[in-house]
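Just below is one structure, and these are the notes that go with it.
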Amino acid sequence: MTKAKVGHRIKSFREKQNISLEDFSKRTGLSTDFLEAVEEKDKYPSLGPLLKIARALGVRLGTFLDDQVSKDPLIVRLSERQEELTMHSEKEEKASMKYFALGKGKSDRHMEPFFIQIEPSNDEHELTSHEGEEFIIVVSGQLEVVYGKETSIIEAGDSTYFNSVVPHSVAAYGNEKCEIYAVLYFPE
């Protein structure tokens with residue numbers, strides 16, 4: 001069985017609810033061109049728009065990642081870790097962030113844990129905000145964290161925990177790839 005891509009799952013949820021692309025655009029505040037790129041090309045610039053899409057469909061963000069399996073305790077072996085989402089920068093076609101879902105399979109979860117590989121980019125980093133909290137620990141490289149008007153550089157072993165309603169962004173700092181573990185909490 002082939003795994004459905006996130007964009008295909010979003011389109012399937014939208015169509016099951018008989019929501020037109022135009023109505024979906026109004027509900028999410030995202031353009032129809034952007035939504036088509038998400039559904040057809042599996043392209044995402046950040047988690048913020050995906051959260052708006054999930055809310056407009058009345059589902060959790062993790063619903064797009066699940067294969068309808070619930071397991072306790074959920075164990076994800078390093079050798080079994082799979083890339084679930086790839087975020088692309090606006091100007092560059094190459095992937096800027098690769099998300100490996102670590103909670104997939106636990107359908108009753110309240111947090112979204114990820115291992116994320118962040119490629120260096122010269123693009124200006126767009127700030128996003130959404131309800132919830134984020135906890136990040138850097139595994140390798142350096143991470144630039146912009147939180148409101150404050151910018152911090154954190155390194156391997158460092159962590160940050162913040163309310164994600166404040167506009168924020170994270171990006172690899174310098175010319176090296178950065179790897180992080182991130183746990184995101186989105187209230188119901």
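Values quoted throughout were computed directly from the atomic coordinates according to the rules given, and no laboratory measurement underlies them. Remember, predicted model here, so these are calculated numbers, not experimental data. Note that we place each Cβ from the backbone using ideal geometry, even for glycine, and neighbour counts take in every protein chain shown.
Cα-based Rg of the chain per 2.2 N^0.38 Å, rounded to two decimals?
1.01
Using modelled backbone amide H atoms (1.01 Å from N, in-plane), which distant-in-sequence or interchain residues come within less than 5 Å of Leu127's amide H?
none
Gain in length, Lys177 to Asn163, computed as 0.36 nm per residue apart minus the alpha-carbon separation, to one decimal in nm?
Separation in residues times 0.36 nm, less the Cα-Cα distance, equals 2.5 nm.
Over the range 120-187, calculate the relative contact order: mean separation of alpha carbon pairs under 8 Å at least 6 apart, over the residue count, as a percent.
47 percent
Restricting to Cα pairs below 8 Å that are 6+ residues apart, what does the relative contact order work out to for the chain? Please round to a whole percent.
18 percent
Would any residue of the range 124-143 have its amide N under 14 Å from a label point 7 Å out along Cα→Cβ of Ala156? List them or say none.
Answer for the range 124-143: 138-143.
With each pseudo-label sitting 7 Å past Cα toward Cβ, what's the Thr63-Lys149 distance in nm, one decimal?
3.9 nm
Over all Cα pairs of the range 117-163, how is the pair count split among 10 Å bins, expressed in % and running from 0 up to the last occupied bin?
21, 57, 22
From the phi angles alone, apply the Karplus equation (6.51, -1.76, 1.60; θ = phi - 60°) to the range 104-112 and give each ³J(HN,Hα) in whole Hz, x where the residue is Gly or Pro.
Computed from phi, the couplings for the range 104-112 are 4, x, 9, 6, 9, 6, 10, 10, 10 Hz.
Between Lys16 and Arg55, how high is the FRET efficiency from 1/(1 + (r/R0)^6) when r is the Cβ-Cβ distance and R₀ = 25 Å? Nearest 0.05.
0.95
What is the spin-label model distance, in nm, from Asp108 to Leu127 if the labels are put 7 Å beyond Cα along the C-beta direction?
Taking the simple label geometry, Asp108 and Leu127 are separated by 3.9 nm.
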